[in-house]
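> Dumping the structure here so I can ask a few things about it.
The values are calculated or read from the model by the stated rules, or taken from the named source; none is laboratory data. Keep in mind that what you see is a predicted model, and the values were worked out from it rather than measured. Note: ideal-geometry Cβ built from the backbone for every residue, glycine included; neighbour counts use all protein chains shown. Heavy atoms of the whole protein, side chains included, go into the accessibility calculation; ligands, DNA and RNA do not. Shrake-Rupley method; radii C 1.70, N 1.55, O 1.52, S 1.80 Å.
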Amino acid sequence: MTNYDDIDFTVLESLSADEVVTHARVRDVRLASGKVLALITLDNGRDHTRPNTLGPATLAELGATLAQLKSRAAAGEIHAVGITGKQYILAAGADLSEVSNLPSKDVARLIAQRGHQVLGSLSELGVPSFAFVNGLALGGGLEIALNSTYRTVDASAAAIALPEVFLGIIPGWGGAYLLPNLIGIENALEVVISNPLKQNRVLKPKQAFELGIMDAIFPASNYLEDSLRWADGVLTGAVKVTRKNEPGKIERLTKWPIAVKMARNMLESRIGTVPRSPYVALDLLDKAKSGTKAEGFAREDEALADLIVGDQFAASMYAFDLVQKRAKRPVGAPDKALAKKVQKVGIIGARLMASQFALLFVRKLQVPVLITDLDQARVDKGVASVHEEIGKLEAKGRLDADGANRLRALVSGTTDKSQYADCDFVIEAVFEEVGVKQQVFAEIEPLLAEDAILATNTSSLSVEEIGAKLAHPERLVGFHFFNPVAVMPLIEIVRTANTSDAALSTAFVVARTLGKNAVLTADAPGFVVNRLLAKVMGEAARAVYEGTPLLTVEKAFAPLGLPMTPFQLIDLVGWKVAAHVQDTMATAFPERFFASENFHQLAELPEVVEKDKSGRVTGWTKAAQKVLKTGSSPASEDAILRRVQDGLAQEIRLMLDEGVVPEVEDIDLCLILGAGWPFIDGGASPYLDREGASERVFGDTFHHPPIRGIGG
């Protein structure tokens, strides 16, 4: 097995020139029993907006500190070591900022080995080690705790997680071996694989405690004092630490392989076999059921090194940077000082989408929200739906009784449009037809103040055309949500030639207040997401029309790694909606987009496709088979995939040439946030570069150099 102390890590020092070093400050704490605990506080000297991270220089300093404490423990000077973080933060994991500059897989392996050497020494100090998880603990931050002998957690800590699989890698500093041996395989599968794949879900402190990751949980008010008192009790024997999943109590022979097999089946049905990291993590968790810790760490070394140098990690880091940085500073957003203060919101329409809007606006803006529709029955139903959803939030403990009642009181409905007079921001959620949208705005506009903002939730229609009959078209802005409204993080904000900076600024400020990421797009058919999804769905429809079997078409799209196959997606958004979007795009660009009469025929049916228990499409319904019109020239999976790749590359290049968005990064950001495009692809453009579609279509690549792994 690897002796980490024999490895020369000096090459890593070249990667730490720009590192914000997290220092390991030590002070001795004399406990009530008289025993001495050496307490390490991790602190990078910045406030909580710049979390502690674990880069090469940080690990070197922490390793040296732990080596000194091991010597002091051997001399009898200290009886325990504790490790905690600066206020609100233990550590947010490894510093990945320079990973793209790694020269080789051998150096990538050194990163894994260095983490194992330093963090692993927490269990080899000769005295017990205590991790006092006082705040955020992600990735390597949580692995600090896992390598310690005992762990406590602050009940107010922001998040606890091993998110590595989300980024195309694995917990490589002990997490993949230590966690399943601490809390059992089922729980470890949830933390290491399932949670990262569920929009990077994290654990709250209470959950971490209940799973057995943490041995004790204390309130924030006296967290450190309580933790030190508890640690003293452990050292003196007054506190007995019992773990329901201690190694001797974890069943390994039967439950372990069954859980792994079920997890593998779940992954294959949900994400296909293109993403590498979930399967690598699964193999590591499987093998953790036997063998030594040293063997487990060695497996992590190789797995992490292999993934770090791969294309999927490079693309994931590009995507992560888009979501963490570019999304928070939208390109083209006017000065927020120009934004109108929104003190009352009007929503035209009372059906499902409008009700979702009302709930989101009232929760996030905490201002009166007014719903209107054609008749009082529809209005009452819409308001009741919002009140019901508020009740559900109260039942789950996400709102207290007073808060729930306050929100209910803010939501009202009417057929009397004069009540819109004092609304600052009015959004329509009516049928996707230009004439209908023009009509509802024509009725509302004369009632509003001249500086009130009008917003349309159109998914593909011309915003300028919708506003063509307005007295003040400069107040209109596109404000396109994605379904489900509460979950999807993207809003496409659409600017017309008339839209004022004040209207645009208000839209961006409102989007941010709603907790959404906004991307500015030009007023072009389909904007960004629906234009490109229409290309995907159109190629699927074309292949069916040619006579290709349904399941062949579904399989052809698997290498894209999308969260849903084309016909799963169409079935989710609705066949009528899909038919409308395809018609819109084919009307705008008839030479490039395919609209099938099949869609309109299928949209009239109650059910179009059959699915299995996992939601995978298994075939057409009998009713669908009767109305489908197909040819006799089926396409192969490879031919379909190539058409999709080349079609997307062509469309993205044209969108950039047309100025739909400023840069290709904005297209990828929209696809990631609005269509669930995988991080491992980096959106669409890095994938199309790697697959050669960009070169085939326009003789160049979107990125220079293309976003690839080391040596790629």
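> May I ask you to work out the translational diffusion coefficient for the range 240-304 at 4 °C, viscosity 1.567 mPa s, via Stokes-Einstein with Rh from the Kirkwood sum over Cα pairs, reported in whole µm²/s?
It diffuses with D of about 96 µm²/s by this estimate.
> Residue by residue, what Karplus-based ³J(HN,Hα) values in Hz, rounded to whole numbers, does the range 469-486 have, using 6.51, -1.76 and 1.60 with θ = phi - 60° and x for Gly and Pro?
9, 6, 6, 10, x, 5, 8, 8, 9, x, 9, 8, 7, 10, 9, x, 4, 5
> For Asp681, Asp8, write out the residues from largest to smallest accessible area, computed with a 1.4 angstrom probe and no ligands counted.
Asp8, Asp681
> Moving on. Please name which of Tyr4, Ile217, Thr65 has its Cα lying farthest along the dipole of the chain towards the positive end, using unit charges on Cβ (Lys, Arg +1; Asp, Glu -1) and the Cα centre as origin.
In the chain, that residue is Ile217.
> If you line up the long axis of helix 56-74 against the longest principal axis of the chain, both from Cα atoms, how many degrees apart are they, to the nearest 10?
Tilt relative to the chain: about 30 degrees.
> Once amide H atoms are placed 1.01 Å from N in the peptide plane, what residues at a sequence separation of 5 or more from Ala155, or on another chain, have their amide H within under 5 Å of its amide H?
Phe218, Ala220
> In debye, nearest 20: dipole of the range 1-62 around its Cα centre with unit charges on the Cβ of K, R (+) and D, E (-)?
540
> Still on this structure, I have one more. Apply the a/c threshold of 1.5 to the C-alpha gyration tensor of the range 67-223 and tell me whether it is rounded, prolate or oblate.
The shape class here is oblate.
> Follow-up. Using the Cα centre of the chain as the reference point, and only Cβ charges (+1 on K/R, -1 on D/E), how large is the resulting charge dipole? Debye, rounded to the nearest 20.
1980
> For helix 255-271, report the angle its Cα long axis makes with the longest principal axis of the Cα atoms of the chain; keep it between 0 and 90° and round to the nearest 10°.
30
> Follow-up question, since we're still on this one. Could you tell me the ratio Rg/Rh of the chain? Both radii from Cα atoms, Rh via Kirkwood.
Taking Rg over the Kirkwood Rh, I get 1.00.
> I need the semi-axes of the equivalent ellipsoid of the range 406-453: take the C-alpha gyration tensor, multiply each eigenvalue by 5, square-root it, list largest first in whole angstrom.
20, 15, 10
> Accessible area per residue of the range 457-575 at 1.4 Å probe, in Å²?
It amounts to 30 Å² per residue over the range 457-575.
> Roll a 1.4 Å probe over the protein heavy atoms and report the accessible area of Thr58 in Å², nearest 10.
About 0 Å², rounded to the nearest 10.
> Let me ask something additional. May I ask you to order 133-142, 41-50 by the average number of other C-beta atoms within 10 Å around their residues, highest value first?
133-142, 41-50
> Compute the distance from the alpha-carbon center of the range 426-493 to that of the range 561-597, in whole Å.
22
> Please report, as a whole percent, how much of the solvent-accessible surface of the chain comes from carbon and sulfur atoms (probe radius 1.4 Å).
The computed percentage sits at 51.
> On a 1.4 Å probe surface of the protein chains, which of Arg653, Arg229 comes out largest in accessible area, and what is the full order?
Greatest to least solvent exposure: Arg229, Arg653.
> Let me ask something additional. Pop out the Kirkwood hydrodynamic radius of the range 246-367 from its pairwise C-alpha distances, inverse of mean 1/r, in Å to one decimal.
Kirkwood radius, the range 246-367: 19.9 Å.
> For the ranges 593-603, 167-177, what's the packing order if you count other beta-carbon atoms within 10 Å of each residue, average per peptide, and put the highest first?
Highest to lowest by the protection proxy: 167-177, 593-603.
> Could you tell me which of Val411, Leu447, Ser156 has its Cα farthest along the dipole of the chain towards the positive end, charges placed at Cβ (Lys, Arg +1; Asp, Glu -1), taken about the Cα centre?
Ser156
> Given the pairs Lys336/Lys437; Lys198/Lys255; Lys244/Lys287, which are separated by over 26 angstrom at their Cα positions?
Beyond 26 Å between Cα atoms: Lys336/Lys437.
> At 222 nm, what helix-only mean residue ellipticity would the chain give, in deg cm²/dmol to the nearest 500, using -39500 (n - 2.57) for each DSSP H run of four or more?
Helix-only estimate at 222 nm: -13500 deg cm²/dmol.
> ³J(HN,Hα) across the range 134-140 via Karplus (A = 6.51, B = -1.76, C = 1.60, θ = phi - 60°), whole Hz, x for Gly/Pro?
Residue by residue, the range 134-140 yields 8, x, 3, 9, 10, x, x Hz.
> Another question, then. For a quick protection proxy, order the peptides 554-560, 145-151 by their average other-Cβ count within 10 Å, most packed first.
Order by mean packing, descending: 145-151, 554-560.
> Starting at 0 and stepping by 10 Å, how many percent of the alpha carbon pairs of the range 441-553 end up in each bin?
14, 38, 27, 13, 7, 1
> Label the range 596-644 by shape, choosing from rounded, prolate and oblate, from the square roots a ≥ b ≥ c of the eigenvalues of the Cα gyration tensor; if a/c is under 1.5 it is rounded, and otherwise prolate applies when a/b is larger than b/c, oblate when it is not.
It is oblate, given that a/c is not under 1.5 and a/b is not larger than b/c.
> In the range 255-333, with Lys and Arg counted as +1 and Asp and Glu as -1 at Cβ, which of these residues, Ile308, Ala298, Leu322, has the Cα nearest the positive end of the dipole, that is, farthest along it?
Of the options given, the answer is Leu322.
> Quote the charge dipole size of the range 404-453 about the Cα centre in Debye, to the nearest 20; the model charges only the Cβ of Lys and Arg (+1) and of Asp and Glu (-1).
With only Lys, Arg, Asp and Glu charged at Cβ, the dipole is about 360 debye.
> To the nearest µm²/s, what D does Stokes-Einstein give for the range 509-637 at 25 °C and 0.890 mPa s, using the Kirkwood radius over alpha carbon pairs as Rh?
In µm²/s, the coefficient is 156.
> For the range 471-519, what is the Kirkwood hydrodynamic radius in Å, using each pair of distinct C-alpha atoms?
Evaluated over the range 471-519, this radius sits at 11.1 Å.
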